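Below: the structure, in structure tokens.
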Amino acid sequence: MAPPPPPKSRGATQKTDNAARIQFFSLLLALQYGAQPLISKRFVRREVIVTSSVLVCELAKVLCALFIMAKDGTLRKVYKEWTLVGALTASGLPAAIYALQNSLLQISYKNLDSLTFSMLNQTKIFFTAFFTYLILRQKQSIEQIGALFLLIVAAVLLSVGEGSSKGSSSSDADQILFYGIIPVLVASVLSGLASSLCQWASQVKKHSSYLMTIEMSIVGSVCLLASTFKSPDGEAMRQHGFFYGWTPLTLIPVMFNAFGGILVGLVTSHAGGVRKGFVIVSALLITALLQFVFDGKPPSLYCLVALPIVVSSISIYQKYPYVVKKKES
């Protein structure tokens, strides 16, 4: 009779559980991100003021995170250990960076054709890997760097497939450079920096992902509220009311988006910003599939070409992690 296999060590069991948790969170985020456009299209009327839906979404994220922390028993401990300096360091800076990044993307999108915008915008995946190495010393293998190249190619194909009809809004070279190319490149750098800072706060400083979600939602909401004093959305809310155009069904995509915000924090905390980039690109394929199933819109040629590229890049990235070379004695 063969002897029973030796029991797994505690460390190996924890590693396996963590890998399963990462896969689960990544799958949920891909499904949420992929389904969000279709859900929003069906349940959000055109009259709804964007700022109002974003603010309610941020509030929902805060309430969901508080509920989860209260349920798992960490809320009291986090409350006792919380400091303003720690919150601003861990969450305030990334939130402010993300707010600036979104503003730069809006400026750039108006002044670039879709192909140029998509190609430059996808460089954020590389900047995430760069800042992850710079801040966390997390290296990538040669195969993983190749997988990142493949992912960017797939992301560009998918983005162009969705917006190929958009042309450049200006033929002036200086305007394209200073209001198109430079803003999107700076936004990509900021995106990589903010994602790496969030990963640093959660993995090095052991800042709870739920607490970071709460803090970043509050900072982001304050910045958004401040912008309403001058923005068209602010004027619309003052004229028509905060919930103008809302129906009870509007809460469905708002809550779904809040759920995605919680998942983004969990994926970044457990897997890192680079893995989150793979999840987001994979979600574009899910969007194309859902559009075919529910809207009868067949996937574009770009999508069909991108599918095997995404699958290959994910497989290569997971199969060939960076291995620290042992020094010969």
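The values are calculated or read from the model by the stated rules, or taken from the named source; none is laboratory data. Predicted, not measured: the structure shown is a model, and the values here were computed from it. FYI the Cβ positions are ideal-geometry reconstructions off the backbone, even for glycines, and counts take in every protein chain you see. Surface areas here come from the heavy atoms of the whole protein model, side chains and all, with no ligands, DNA or RNA. Shrake-Rupley method; radii C 1.70, N 1.55, O 1.52, S 1.80 Å.
Tabulated data for the structure shown
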read-out	value
Failed item, numbered, when residue 298 is tested on (1) farther than 22 Å from residue 193 by Cβ; (2) part of a helix (DSSP H, G or I); (3) open to solvent by 40 Å² or more (accessible area, probe 1.4 Å)	(2)
Residue match in the range 3-11 (condition: of a type outside the set (S, T, N, Q), modelled with pLDDT under 90, assigned to a helix (DSSP H, G or I) and over 18 Å from residue 252 (Cα atoms))	yes
Residue match in the range 130-149 (condition: among the aromatic types (Phe, Trp, Tyr), part of a helix (DSSP H, G or I), free of Cβ contacts under 8 Å to residues at least 60 places away in the same chain and over 26 Å from residue 313 (Cα atoms))	no
So residue 297, is it more than 19 Å from residue 122 (Cβ to Cβ), charged (D, E, K, R) and modelled with pLDDT under 90	yes
Which numbered condition residue 242 misses (of (1) under 19 Å from residue 56 (Cα atoms); (2) assigned to a helix (DSSP H, G or I); (3) open to solvent by 40 Å² or more (accessible area, probe 1.4 Å))	(2)
Test for residue 142: is it under 21 Å from residue 34 (Cα atoms) and among the hydrophobic types (A, V, I, L, M, F, W, C)	no
Where a residue in the range 224-243 is aromatic (Phe, Trp, Tyr) and its partner, wherever it lies, is surrounded by 12 or more Cβ atoms within 10 Å (Cβ to Cβ), with Cβ under 7 Å and at least six apart	242/52; 243/52
Matching residues in the range 220-238 - criterion: being under 13 Å from residue 62 (Cα atoms) and at pLDDT below 90	220
Top-ranked residue of the range 67-84 - restricted to ones that are more than 17 Å from residue 220 (Cα to Cα) and among the aliphatic types (A, V, I, L, M), ranked as surrounded by the most Cβ atoms within 10 Å (Cβ to Cβ)	69
Residues being hydrophobic (A, V, I, L, M, F, W, C), open to solvent by 30 Å² or more (accessible area, probe 1.4 Å) and closer than 14 Å to residue 32 by Cβ - total across the range 256-295	7
Selection status of residue 43, open to solvent by less than 40 Å² (accessible area, probe 1.4 Å) and either touching a residue at least 24 places away in the same chain (Cβ under 8 Å) or farther than 30 Å from residue 240 by Cα (or both)	no
Test: residue 98 is within 18 Å of the chain's Cα centre (by Cα), under 21 Å from residue 266 (Cα atoms) and not acidic (Asp, Glu)	yes
Which listed residue is under 14 Å from residue 50 (Cα atoms), assigned to a helix (DSSP H, G or I) and open to solvent by less than 70 Å² (accessible area, probe 1.4 Å), from 251, 224	224
Of all residues in the range 107-126 being surrounded by fewer than 21 Cβ atoms within 10 Å (Cβ to Cβ) and hydrophobic (A, V, I, L, M, F, W, C), the one that is modelled with the highest pLDDT	126
